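Student: What follows is a structure written as structure tokens; I'll ask about it next.
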Amino acid sequence: MLILKVLGIETSCDETAAAVVADGTKILSSVVSSQIEVHRPYGGVVPELASRKHLEAIVPVVDEAISRSGVALKQIDAIAVTRGPGLIGALLIGFSFAKAYAFALDLPLTGVNHLAGHIHSVFLEPDPPPFPFVALLASGGHTNVYHVISHTELELMGQTRDDAAGEAFDKVAKMLGLGYPGGGVIDRLSKEGDPDKIIFPRAYLDKSGFDFSFSGLKTSVNRYIQTHEDEYQNQIPDIVAGFREAVVDVLSYKIINAAIKKGCRHIAIVGGVAANKRLREKVRQDAEEKKIKVHIPCFHLCGDNAAMIAAAGYHYLTNGGVSDMNTDVYSRVL
Ligand code: KG4
Ligand code: ZN
């Protein structure tokens, strides 16, 4: 089957997204409708509100992606849609829409793993990594290290045992009253702080393994706030800079070691946390010393988007991974 133009659809969390991608590499259009403003007052994603907003946005977002792509609907060759993991109600909106659309247009449909989608964001950039490579996926829900063997084979080498890295950013921001989501604001404020002034613990766990733990670090920031009740408000840039450095040190250490363990000369950093400026800088510095090449997508491809789903879906389809009308979504990794 020769698949050229894939319509991607993503609704796993709080972004309604659609994109048209040619040959799994070239973005013809990518539309992302964010619900951040809806969830901000609650300090996190409210699943029921997310589902309702996806329902309102899905048709206009898909229409917009098709019209911006310059491709006529009848020239779309297949549909790729996020199947999981994610919020079940949110996933169901995109998945049910995609099933109906594929049925009506008589197009092949493939259900894509959201995490494999994030990894495919690097294939939308020029000069993608050759196989095999190692990938760090750090987002609001996951902190996973993979040995990526091919477009369809991922070996999980390690993961967080408690909070995800992005979740730690969000929770620390909430403790300090910095709003939601926390990653971007902590990144910005850290520039004004000194990362060596307040040293927070680094949880390497087993130094030769690839699991993570961020809940101790989060507790440690909380304890600092409680024990410095009178002055912490004046130290926020130093607190967040110290926190960011602790997260980045561990992420960089583990992914470089994963590459060394697997004998890989290429690393990919993907997911919302890959937008972190210090992480991008530190991994590049550490990798250079080891002569390892780092691949990080541009900022708008780090967070949730549908172009990465279309890119992964292209490879599922060319490997025979077609879903049918009985395929269902899943909230956790199968
Ligand atoms: O991949 P993503 O958009 O959604 C999930 O699949 O979870 O990731 C969202 C996460 C949030 O926790 C957000 O705080 C974090 O990515 N994030 C960042 C930055 N920008 C977004 N974390 C650290 N630094 C950033 N600059
Ligand atoms: Zn994601």
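Student: V81 fails exactly one of the following numbered conditions: (1) within 16 Å of ligand 1 (Cβ to nearest atom); (2) part of a strand (DSSP E or B); (3) more than 17 Å from K99 (Cα to Cα). What is the number of that condition?
Tutor: Here V81 clears every test but (3).
Every residue, every condition in (1) hydroxyl-bearing (S, T, Y); (2) surrounded by fewer than 24 Cβ atoms within 10 Å (Cβ to Cβ); (3) closer than 18 Å to I88 by Cβ, yes or no:
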{"position": "S12", "(1), (2), (3)": "yes, no, yes"}
{"position": "A19", "(1), (2), (3)": "no, no, no"}
{"position": "A22", "(1), (2), (3)": "no, yes, no"}
{"position": "K26", "(1), (2), (3)": "no, yes, no"}
{"position": "G43", "(1), (2), (3)": "no, yes, no"}
{"position": "R52", "(1), (2), (3)": "no, yes, yes"}
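Student: Sticking with this one: Based on this model, can you work out whether R40 counts as part of a helix (DSSP H, G or I), at pLDDT below 95 and away from ligand 2 (no atom under 16 Å from the Cβ)?
Tutor: When the stated conditions are applied, R40 passes them.
Student: Sticking with this one: Could you tell me which of the residues E288, E281 is out of contact with any helix residue (DSSP H, G or I) (no Cβ under 9 Å at 6 or more places or on another chain), in a helix (DSSP H, G or I) and more than 21 Å from E155 (Cα to Cα)?
Tutor: E288
Student: Now for a different question. Restricting attention to region 145-178, which residues are open to solvent by 10 Å² or more (accessible area, probe 1.4 Å) and either aromatic (F, W, Y) or part of a strand (DSSP E or B) (or both)?
Tutor: Listed by number, the residues that qualify are Y146, H147, L154, E155, L156, M157, Q159, T160.
Student: Oh, and also: Could you check region 181-190 and list, in sequence order, the residues that are surrounded by fewer than 22 Cβ atoms within 10 Å (Cβ to Cβ), in contact (Cβ under 8 Å) with a residue 60 or more places away in the chain and more than 16 Å from ligand 2 (Cβ to nearest atom)?
Tutor: D187
Student: Tell me yes or no: at least one residue of region 234-249 is within 30 Å of A18 (Cα to Cα) and surrounded by 24 or more Cβ atoms within 10 Å (Cβ to Cβ). I'd like the intermediate steps shown before the answer.
Tutor: To start, the set of residues in region 234-249 that are within 30 Å of A18 (Cα to Cα) comprises none.
No, every residue in region 234-249 fails to be within 30 Å of A18 (Cα to Cα) and surrounded by 24 or more Cβ atoms within 10 Å (Cβ to Cβ).
Student: Could you tell me which residue of region 211-233 is least open to solvent (accessible area, probe 1.4 Å), considering only residues that are free of Cβ contacts under 8 Å to residues at least 12 places away in the same chain and assigned to a loop (DSSP other than H, G, I, E, B)?
Tutor: Taking the candidates together, the pick is H228.
Student: While we're looking at this one, here's another question. Being at pLDDT below 95, in contact with a helix residue (DSSP H, G or I) (Cβ under 6 Å, 6 or more places away or on another chain) and under 17 Å from S12 (Cβ atoms) is the requirement here; does V31 meet it? Break it down into steps so the answer makes sense when it comes.
Tutor: Details: at pLDDT below 95: no; in contact with a helix residue (DSSP H, G or I) (Cβ under 6 Å, 6 or more places away or on another chain): yes; under 17 Å from S12 (Cβ atoms): yes.
No: the conditions fail for V31.
Student: Let me ask you something else. For region 99-107, does any single residue satisfy the condition of being touching a residue at least 40 places away in the same chain (Cβ under 8 Å) and in contact with a Leu (Cβ under 6 Å, 6 or more places away or on another chain)?
Tutor: Within region 99-107 (the criterion being touching a residue at least 40 places away in the same chain (Cβ under 8 Å) and in contact with a Leu (Cβ under 6 Å, 6 or more places away or on another chain)), the answer is no, since none of the residues qualifies.
Student: Which count do you get for residues in region 250-291 that are open to solvent by less than 10 Å² (accessible area, probe 1.4 Å), of a type in the set (D, E, K, R) and without any contact (Cβ under 8 Å) to a residue 60 or more places away in the chain?
Tutor: 0
The values are calculated or read from the model by the stated rules, or taken from the named source; none is laboratory data. Since the model is a prediction, treat every value here as computed from it, not as a measurement. Cβ atoms come from the backbone with ideal geometry, glycine included; neighbour counts cover every protein chain shown. Heavy atoms of the whole protein, side chains included, go into the accessibility calculation; ligands, DNA and RNA do not. Shrake-Rupley method; radii C 1.70, N 1.55, O 1.52, S 1.80 Å.
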